[in-house]
Amino acid sequence: MEASTAPRTRCLLDENTFTENFMNQIRARKTYLCYKVEILDGDTWVPLDENKGFVHNKGANQPGQPCHAELYFLDRIRSWNLDRGLHYRLTCFISWTPCHTCAQNLATFLGENSHVSLRIFASRIYSLPGCGAGLRTLQAAGAQIAIMTSKEFEHCWETFVDHQGRPFQPWDDLEVVSQHLCEKLQAILQTQQN
DNA sequence: ATTTTCAAT
């Protein structure tokens, strides 16, 4: 008889966890970050499905030092020891844009790892003081930063959520809010100061 | 035009 020791099901987000954290018109008090990795083969990006997953921050209400989601993400990237002779594209879908410090850390990582490109799609804009400058620094380091639209929400649902075969159900005003945030992000990225 | 948000008034 077969022991049921099939490889552990890949870690997927619970449906409600996804919705509660990625809905773009609310302000969740935590951050989730879903990531995927592709490798450049000729002129084609090939998915590395084994390097797909998600992380979330550790809040001040939990034991130990608080830690933003981006730092856990950087830990995972480093643990993969990506081959410096190849080229990789990381894509992350994050419920809040990175704070100033995390943006700086990501920018430094990109500066030290020219074999890695980064694309960020964010559900909402974290806009405490300094965040705009952080995002501009990150963009200047080569990262692409954009707001999640229904296309990205649906992609996340299909890729990272334990949806049991159910299709993504957009929430009210998803498109309207996304469009507004997109315009706001463009203004932030084009600003010269603050 | 929307704001206090990777918790704890």
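Nothing in this text is a laboratory measurement; each read-out follows from the coordinates by a stated rule. Source: prediction; values computed, not measured. Cβ coordinates were reconstructed from backbone atoms using ideal geometry, including for glycine residues, and neighbour counts include every protein chain displayed.
Multiplying the residue separation of A:His87 and A:Val46 by 0.36 nm and subtracting their alpha-carbon distance yields 13.7 nm. The local environment of A:Val177, defined by Cβ-Cβ distances under 14 Å, has a net charge of -2 under the rule Lys, Arg +1 and Asp, Glu -1.
Positive end of the dipole of segment A:123-170 (Cβ unit charges, origin at the Cα centre): among A:Pro170, A:Phe160, A:Ala133, the Cα lying farthest that way belongs to A:Ala133. Annotation: amide H-H contacts under 5 Å for A:Leu48 (H modelled 1.01 Å from N, sequence separation of 5 or more, or interchain): A:Val37, A:Glu38, A:Ile39.
Model label points for A:Thr101 and A:Arg119, set 7 angstrom from Cα along the Cα-to-Cβ axis, are 3.0 nm apart.
Taking every Cα-Cα distance in chain A and sorting them into 5 Å bins starting at zero, the pair-distance distribution P(r) comes out as 1, 7, 15, 19, 19, 17, 12, 6, 2, 1, 0, 0, 0, 0 percent.
With a Förster radius of 45 Å applied to the beta-carbon distance between A:Ala140 and A:Glu15, the computed FRET efficiency rounds to 0.75.
Compare the Cα positions of A:Cys67, A:Ser114, A:Ala143 along the charge dipole of chain A (+1 at Cβ of Lys, Arg; -1 at Cβ of Asp, Glu; about the Cα centre) and return the one farthest towards the positive end. Going by the charge dipole, the pick is A:Cys67. Given +1 at the Cβ of Lys and Arg, -1 at the Cβ of Asp and Glu and no other charges, the dipole of chain A around its Cα centre is 640 debye to the nearest 20.
Taking other C-beta atoms within 10 angstrom as a stand-in for reagent exposure, A:Met23, A:Met148 fall in the order A:Met23, A:Met148, fewest first.
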